[in-house]
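Read the structure below first, then the notes.
The values are calculated or read from the model by the stated rules, or taken from the named source; none is laboratory data. The model shown is predicted, which means the values in this text are computed figures rather than measured ones. Here Cβ is always computed from backbone atoms with ideal geometry, including for glycine, and neighbour counts include all displayed protein chains. Protein only, heavy atoms only, side chains kept; ligands, DNA and RNA dropped before computing areas. Shrake-Rupley method; radii C 1.70, N 1.55, O 1.52, S 1.80 Å.
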Amino acid sequence: MITLALSKGRIFEETLPLIQAAGIEVSEDPEKSRKLIIGTNLADVRVVLVRATDVPTYVAQGGADLGVCGLDTLIEHRAEATSEDLFQPVDLGIARCRLSVAVRDDFDYASAVRRGARLKVATKYTHMARSFFAAKGMHVDLIKLYGSMELAPLIGLADAIVDLVSTGNTLKANRLVEVEHIQDISARLVVNPASLKMKTDRIKPLLDAIQAKVRASV
Ligand code: AMP
């Protein structure tokens, strides 16, 4: 059995055409079903639906052979993992966005940086945020949040946020502006190293088909 871990929403939707290229059709729409294990047209391939941040853990621990998650999730996972527990063979080029620093549109970020002010930064991405500000030589106080980061500067919880930005509409709707571009992000296919070794005959053709489809759509 080959188990693929996906999260609902953008990752699931944008991964479908890629696995279709490998001859895999899921048998159910996760938005319409509450099932967490979804079958496919292939008797030995199934999809498990997990939280985006749990995908690396499922794959690393062997709960799934393969998974798709954002580079952001992968970097945060790696920062907490004790060893290199995942193969990351393919940049899928989907779920593209960027990790950015944003502030209220009336906050003078450039001047705060020049003055060496100690900023309060709210984020879910504490490891990437810490590395980014450390590399800039800035001292920041990180505030870990799990969602709705945009709210933090609006109510004075933080001076800035580090969050994913795609269209920029969420920032705009909350009168926030991007002041630093930290990193481009896209979704990655990750593989359990033991699965790759033990199920090479099954997994390798799947990886090749997905990779070919990704190359064709670039
Ligand atoms: P947008 O308004 O299109 O810039 O989207 C921003 C919101 O969507 C923020 O709350 C982000 O955390 C979230 N977001 C944007 N792109 C992604 C992505 N690729 N993966 C997960 N969350 C995202």
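Key figures
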{"read-out": "Top-ranked residue in region 57-74 [being more than 13 Å from the ligand (Cβ to nearest atom) and more than 22 Å from Q20 (Cα to Cα); ranked as most open to solvent (accessible area, probe 1.4 Å)]", "value": "Q61"}
{"read-out": "Whichever residue in region 163-189 is under 14 Å from the mean Cα position of the chain (by Cα) and β-branched (V, I, T) and, among such residues, is nearest to the ligand (Cβ to nearest atom)", "value": "V165"}
{"read-out": "Selection status of R78, open to solvent by 50 Å² or more (accessible area, probe 1.4 Å), within 13 Å of the ligand (Cβ to nearest atom) and charged (D, E, K, R)", "value": "no"}
{"read-out": "Selection count where residues are hydrophobic (A, V, I, L, M, F, W, C) and more than 13 Å from A64 (Cβ to Cβ), scope region 179-205", "value": "5"}
{"read-out": "Residue under evaluation E84, criteria (1) closer than 13 Å to H127 by Cβ; (2) of a type in the set (D, E); (3) away from the ligand (no atom under 11 Å from the Cβ), criterion not met", "value": "(1)"}
{"read-out": "Per-region count, region 17-26, residues open to solvent by 80 Å² or more (accessible area, probe 1.4 Å) and in a loop (DSSP other than H, G, I, E, B)", "value": "1"}
{"read-out": "Output for region 153-207, where each listed residue is crowded, with 21+ Cβ neighbours inside 10 Å and free of Cβ contacts under 8 Å to residues at least 40 places away in the same chain", "value": "A158"}
{"read-out": "Tabulated pairs, region 106-122, first touching a residue at least 60 places away in the same chain (Cβ under 8 Å), second outside any strand (DSSP E or B) and open to solvent by less than 50 Å² (accessible area, probe 1.4 Å), C-beta under 9 angstrom, 6+ apart or interchain", "value": "Y109/D159"}
{"read-out": "Region 125-141, residues that are buried (at least 16 other Cβ atoms within 10 Å of the Cβ) and over 19 Å from E80 (Cα atoms)", "value": "V140"}
{"read-out": "Filter result (assigned by TED's automatic domain parsing to the domain that holds T15, part of a strand (DSSP E or B) and in contact with a Pro (Cβ under 9 Å, 6 or more places away or on another chain)) within region 44-102", "value": "V47, L49, G67, C69, F87"}
{"read-out": "Pairs with Cβ under 6 Å, 6+ apart, first in region 1-16 and over 16 Å from T40 (Cα atoms) and assigned to a helix (DSSP H, G or I), second among the basic types (K, R) and open to solvent by 20 Å² or more (accessible area, probe 1.4 Å)", "value": "none"}
{"read-out": "Among residues of region 42-56, those that are touching a helix residue (DSSP H, G or I) at 6+ places or on another chain (Cβ under 6 Å) and either open to solvent by less than 10 Å² (accessible area, probe 1.4 Å) or more than 13 Å from F12 (Cα to Cα) (or both), counted", "value": "2"}
